[in-house]
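Heads up: the structure comes next, in C-alpha cells.
A short reminder: the numbers here are calculations on the coordinates, not readings from a lab. Note that the structure is a prediction, hence the values are computed from the model and not measured. Backbone-built Cβ (ideal geometry, glycine too); neighbour counts: all protein chains shown.
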Amino acid sequence: RQDRQPVHRKQEGETHAEQDTTILLPSGTVCDKIRCSIYLPREVETMKIPSLILKQMYTLGSLENVEDGVRFSLKNRLSNATLTRLNEVRINGRLVPLDRLSLELNGDWVTAPAVTPNNPVASPLARAVRIHAQGDQLDKGQHEMGLAFDTEPLGALSFKVKDAIAERVKRTTVPHDK
C-alpha cells in the first residue's frame with residue numbers, strides 16, 4: 001500500500017536502488033509494477049581490485065621523516081577517480097588519528113576530515129598526493145603502511161605496503177651535458 005511509510009530509511013554510506021518488477025504471490029496472483037527498494041551497505045559497493053595492483057599506488061621510497069611527523073606519497077595509477085573519504089592510515093599497525101593527517105594536492109593542503117562525499121577531492125589518473133601524518137618521527141628501517149579510503153567510482157579501497165626510511169647519502173656524481 002502506498003500510504004505506508006518505508007520500513008528502512010537510507011543511511012549514510014548506503015546505495016539506494018529502485019526497480020519496477022512483476023512478482024507471483026503464493027496464492028497464484030500476479031502483481032505488476034510493484035516498486036521495490038533495495039539498500040546496499042557500503043561494503044557491498046567495494047570493488048575487488050587485487051592488492052598487488054593497489055600497492056602500485058604507493059610511491060616506494062617516498063616515506064620520510066619531516067619536522068613534525070612523517071610524509072609519504074601516493075599516485076593514482078588506476079583510473080580517473082574522486083576521493084570521497086580517507087578512512088584510516090596505519091603506521092606499523094598503529095592508527096593515525098584523522099585530525100593529524102593532511103593531504104597535499106598540487107600545492108594545496110586539505111585536512112583528512114575535510115574530505116567527505118559532500119566535499120570530495122578529484123584524483124585524475126597520474127596525480128600524485130602527499131600525505132603528512134603529524135606525530136612522532138619513525139626510526140630508520142622498514143615500516144608497514146596501511147591505508148583505507150573511499151572513491152567514486154571504485155568504491156572502498158584498502159592496502160598495506162612496506163617502505164623504509166633510509167639515511168639519505170649525497171652521492172658524488174660526474175657532471176655531464178644532456
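Some points to look at:
- Where only alpha carbons of region 54-118 are counted, the Rg and the Dmax (Å): 12.4, 33
- Two-site label geometry, Asn65 and Arg127: point separation in nm, points 7 Å out along Cα→Cβ: 3.2
- Region 113-130 residues near the modelled Asp99 label - backbone nitrogen below 12 Å, point 7 Å along Cα→Cβ: 113
- Theoretical FRET efficiency, 1/(1+(r/R0)^6), r = Cβ-Cβ of Asp108 and Ser79, R0 30 Å, to 0.05: 0.85
- Proximity of backbone amide H atoms, modeled 1.01 Å from N, is registered between Thr151 and Thr84, Ala156, Leu157 at under 5 Å, excluding neighbours fewer than 5 places apart on the same chain.
- In order along region 108-122, the Karplus-derived 3J(HN,Hα) couplings, from 6.51 cos²θ - 1.76 cosθ + 1.60 at θ = phi - 60°, round to 9, 9, 9, 6, 4, x, 6, 8, 9, x, 7, 9, x, 10, 5 Hz, and Gly and Pro are given as x.
- Coil-residue trypsin sites (Lys or Arg not before Pro) of region 55-86, DSSP, other Cβ within 10 Å capped at 15: Arg77
- Interatomic Cα distance distribution for region 84-163, bins of 5 angstrom, percent: 3, 13, 24, 28, 19, 9, 3, 0
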